[in-house]
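Engineer: Please see the structure below; I have some questions.
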Amino acid sequence: MSEPARQRPRRILAKILLILVLLIAIGGGFWFGVIPQRWIPLSPVSLDARPSIFVDARLAMLRFDRDLCRSVLKPPHIDASPVPDQTTGANCGWTNAVKFTHVGGARIGVEPLTCEMAAALALWVEHEVQPLAREMYGQEVVRLGDMGTYDCRNIVGNPFWKGVRSQHASANAIDISGFTLAGGRTITLLKDWKRKGKDSIFLRELHRRSCRYFRVALSPDFNAAHANHFHFDRGLMWACR
Ligand SMILES: [Zn+2]
């Protein structure tokens with residue numbers, strides 16, 4: 001075999017490796033939210049309609065982009081206002097966070113929550129929770145049970161992750177305990193998740209639909225530490241359980 005013919009497979013292999021490395025770098029850029037929106041041929045996420053494609057990448061664009069955040073988080077979908085960045089301890093604190101009292105037509109008191117998470121929550125509440133509540137109960141959800149966003153602590157409930165900071169430590173997570181309907185009745189994770197019937201179906205369907213917006217969406221089925229709430233975050237892991 002001549003020298004160039006012997007080298008051809010190596011050159012092809014080198015090109016394949018280069019393409020793989022490039023794809024991984026681009027994927028990582030999207031995943032970490034570090035590619036500026038002006039470089040991406042994707043429109044930013046809008047709260048006006050249920051996003052159809054590339055939801056994760058379009059939410060990740062908001063991570064470090066304050067101007068984009070301000071233009072996306074708008075009334076009547078959410079009454080968000082910026083919260084100054086703060087470092088509160090070792091690997092604790094937040095950047096590009098907001099506070100709000102209403103999201104998707106439901107009351108909730110949140111401060112602080114990262115912009116990216118606030119957008120994901122608004123999309124889920126307005127385009128999944130409310131339509132399902134109207135369909136199943138003929139009424140809207142007027143209040144979300146909020147068990148907190150920011151907490152400078154490690155992951156709890158699993159010895160494998162002992163010593164690892166929770167996404168709550170960077171206000172990039174929220175725990176939701178239940179949903180109050182316009183008629184006044186409250187459906188809770190603790191009481192209704194395991195009970196057979198309409199309320200359980202409602203909660204399980206909401207969890208299934210949440211996985212489009214949050215990278216980690218944990219239900220009471222995940223472990224005992226989540227018996228009374230949904231945990232949602234947009235960290236770097238992926239889990240829908
Ligand atoms: Zn949580």
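Rule-based calculations on the coordinates, nothing more; no lab input. This structure is a prediction, so every number in the text was calculated from the model and none was measured. Glycine gets a Cβ as well: all are built from the backbone with ideal geometry, and neighbour counts include every protein chain shown.
Engineer: Under the rule of at least 5 residues apart or a separate chain, name every residue whose amide H is placed under 5 Å from the amide H of R143.
Structural biologist: Excluding prolines and chain starts, which carry no amide H, the hits are R107, T180.
Engineer: Here's something else I'd like to know. Work out how far the C-alpha atoms of the stretch 25-159 reach from end to end along every principal axis, then list the three figures in whole Å, largest first.
Structural biologist: Per principal axis, max minus min of the Cα coordinates gives 46, 37, 33 Å.
Engineer: Under the √(5λ) rule applied to the eigenvalues of the Cα gyration tensor, what semi-axes describe the equivalent ellipsoid of the stretch 9-87? Give them in Å, descending.
Structural biologist: Semi-axes, largest first: 34, 15, 8 Å.
Engineer: Loop-only trypsin sites (Lys or Arg not before Pro) in the stretch 141-208, please: DSSP not H, G, I, E or B, and at most 13 other Cβ atoms within 10 Å.
Structural biologist: Qualifying residues, ordered by number: R153, K162, R185, K194, R195, K196.
Engineer: Scattering from the C-alpha atoms of the stretch 149-221 alone, worked out with Debye: what is log10 I(q)/I(0) at q = 0.15, 0.17, 0.27 1/Å?
Structural biologist: Here the Debye-derived log intensity ratios amount to -0.63, -0.78, -1.22.
Engineer: Over the chain, how many percent of alpha carbon pairs lie in each 5 Å bin up to the one with the longest distance?
Structural biologist: Spelled out per bin, shortest first, that is 1, 6, 13, 17, 17, 15, 11, 7, 4, 3, 2, 2, 1, 1, 0, 0, 0.
Engineer: Which semi-axes, in whole Å and largest first, does the equivalent ellipsoid of the stretch 179-228 have when worked out from the alpha carbon gyration tensor as the square roots of 5 times its eigenvalues?
Structural biologist: 19, 14, 10
Engineer: Next question, about the same structure. Relative contact order for the stretch 1-93: what percent, with Cα pairs under 8 Å and sequence separation of 6 or more?
Structural biologist: Relative contact order of the stretch 1-93: 22 percent.
Engineer: Shifting gears a bit: Mean shadow of the stretch 117-241, computed from the convex hull of its alpha carbons, in nm²?
Structural biologist: That works out to 7.1 nm², a quarter of the Cα hull's surface.
Engineer: Assuming 1.002 mPa s and 20 °C, estimate D for the stretch 80-121 with Stokes-Einstein, Rh taken as the Kirkwood radius over Cα pairs, in µm²/s.
Structural biologist: Here the translational diffusion coefficient equals 200 µm²/s.
Engineer: Now for a different question. Which whole-number percent is the relative contact order of the stretch 33-240 (Cα, under 8 Å, 6+ apart)?
Structural biologist: 16 percent
Engineer: I12 to S177: FRET efficiency via 1/(1 + (r/R0)^6), r the Cβ-Cβ distance, R0 51 Å, to the nearest 0.05?
Structural biologist: 0.35
Engineer: For D79, list long-range residues whose amide hydrogen, built 1.01 Å from N in the peptide plane, is under 5 Å from its own amide hydrogen.
Structural biologist: Under 5 Å from the amide H of D79 lie the amide H atoms of T101, H102, each far enough along the sequence or on another chain.
Engineer: Magnitude of the Cβ-charge dipole of the stretch 33-240, K/R +1 and D/E -1, about the Cα centre, nearest 20 debye?
Structural biologist: So the magnitude is around 380 debye.
Engineer: Note the full-extension length gain between W39 and M147 as 0.36 nm times their separation in residues minus their Cα-Cα distance, in nm to one decimal.
Structural biologist: Gain on stretching W39 to M147: 35.2 nm.
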